Amino acid sequence: MNKTALRALLRERRALIAPESHGFSRPTGQGRRARGLSQHQVDQLLHRAIGTYHRLESGSYPNPPTSLLRDVARLFGLNEQEWVSLCRYATLQEPPGPLHQSSGKEVPGVWQEAVDGIRHMAYITDASWDMLAYNEALTGMFPGRNVPSNIMRWMVLDPAGRRNLMQWHTAWAPMVLPQLRAALASRPEDNTLRQIEKEVLADPETAAPYDAGNPYPHPDGDERPLLHAELGPGWVTMCAAQPLTAPGARLMILVFHPGARRDHTRAPMLRAH
């Protein structure tokens, strides 16, 4: 626990909330004059035992439950970056999921311009793998230049996806399906992901590798065989990143090399000198 940082974050955000906005009156006589909600009022609003919030803010609450942190974060109006900081300060761990289920569903519009400026195939999906932005280079990868609306559904359920993703049963499905499971673990109420999971479990081709539950957190740096609709068979190396304002969204840059795998050399890891 980082007590100093935790105390500073919580005090600052608590001071911004007017007691009157939650039905409390400010004392007019002698006594407390601090801005914002009192610690006692926070306990009342969160329906917690008196002293619970004081223990959290003072850093004397070891391993506070996620439910308490989430309730405090929502009461204080924290954004997703502040939510990450709160969990790191209080538990020294990453949050188990987004603060709001709506997070990860949109990115700033400038991302389309940024994606257009990338030479390689590139796209951005939201937390449900719905397509948000892509460049012209990506369209040539798909037959008829028809970019799918949901890239996860295309990868695991669409017959066209299984054809384009060469060696689908061994090089793609076992790596992609665990990503769906991991996303649902942090977003159990996501209707799009739930529907995809339902269809995956109903398909014998995908049910078994999905049920295997193998861990596979992300495809960053992976190299896999791909049948490009216009350039033919080859190998694609994936670069994965996340827009910081949209937890769960992902930026994918696909570096494609036509021909056999042995025809190109994989770039070494980049390290600072």
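For the reader, a short list of remarks on this structure follows.
- Scanning segment 260-273 for residues that are modelled with pLDDT under 90 and either of a type in the set (A, V, I, L, M, F, W, C) or in contact with a strand residue (DSSP E or B) (Cβ under 6 Å, 6 or more places away or on another chain) (or both) gives Ala260, Arg261, His264, Ala267, Met269, Leu270.
- Residues in segment 132-150 that are within 24 Å of the chain's Cα centre (by Cα) and in contact (Cβ under 8 Å) with a residue 40 or more places away in the chain: Leu132, Leu138, Asn150.
- Selection status of Val84, aliphatic (A, V, I, L, M) and assigned by TED's automatic domain parsing to the domain that holds Glu12: yes
- Subset of segment 195-218 that is within 16 Å of the chain's Cα centre (by Cα) and surrounded by 13 or more Cβ atoms within 10 Å (Cβ to Cβ) - its residue that is modelled with the highest pLDDT: His218
A quick yes/no check of all residues on (1) surrounded by 16 or more Cβ atoms within 10 Å (Cβ to Cβ); (2) closer than 25 Å to Ala8 by Cβ:
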{"residue": "Arg70", "(1), (2)": "yes, yes"}
{"residue": "Trp83", "(1), (2)": "yes, yes"}
{"residue": "Leu86", "(1), (2)": "yes, yes"}
{"residue": "Tyr89", "(1), (2)": "yes, yes"}
{"residue": "Gln93", "(1), (2)": "no, yes"}
{"residue": "Gly104", "(1), (2)": "yes, no"}
{"residue": "Val107", "(1), (2)": "yes, no"}
{"residue": "Val110", "(1), (2)": "no, no"}
{"residue": "Glu113", "(1), (2)": "no, no"}
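- Just so you know, in segment 232-273 the residues that are over 29 Å from the mean Cα position of the chain (by Cα) and under 16 Å from Gly161 (Cα atoms) include one that is surrounded by the most Cβ atoms within 10 Å (Cβ to Cβ), and it is Gly234.
- Unique residue being aliphatic (A, V, I, L, M), modelled with pLDDT under 95 and exposed (fewer than 13 other Cβ atoms within 10 Å of the Cβ) when the list is Ala171, Ala185: Ala185
- Checklist (1) at positive phi; (2) buried (at least 16 other Cβ atoms within 10 Å of the Cβ) applied to Phe76, failing item: (1)
- Identity of the residue in segment 155-168, part of a helix (DSSP H, G or I) and touching a residue at least 60 places away in the same chain (Cβ under 8 Å), that ends up surrounded by the fewest Cβ atoms within 10 Å (Cβ to Cβ): Arg163
- Only one of Glu106, Glu136 that is at pLDDT below 95 and of a type in the set (Asp, Glu): Glu106
- Taking each residue of segment 1-29 that is assigned by TED's automatic domain parsing to the domain that holds Asp71 and looking for partners that are modelled with pLDDT under 90 and surrounded by 14 or more Cβ atoms within 10 Å (Cβ to Cβ) with beta-carbon atoms closer than 9 Å, six or more apart or interchain, yields Ala18/Phe24.
- Those residues of segment 240-255 which are touching a residue at least 40 places away in the same chain (Cβ under 8 Å) and touching a strand residue (DSSP E or B) at 6+ places or on another chain (Cβ under 6 Å), in sequence order: Arg250, Leu251, Met252, Ile253, Leu254, Val255
- Residue match in segment 140-147 (condition: assigned to a helix (DSSP H, G or I), aromatic (Phe, Trp, Tyr) and buried (at least 17 other Cβ atoms within 10 Å of the Cβ)): no
- Leu37 vs. criteria surrounded by 14 or more Cβ atoms within 10 Å (Cβ to Cβ) and in contact (Cβ under 8 Å) with a residue 60 or more places away in the chain: no
The values are calculated or read from the model by the stated rules, or taken from the named source; none is laboratory data. Values in this document were obtained by computation on a predicted structure and should not be read as measured data. Glycine gets a Cβ as well: all are built from the backbone with ideal geometry, and neighbour counts include every protein chain shown.
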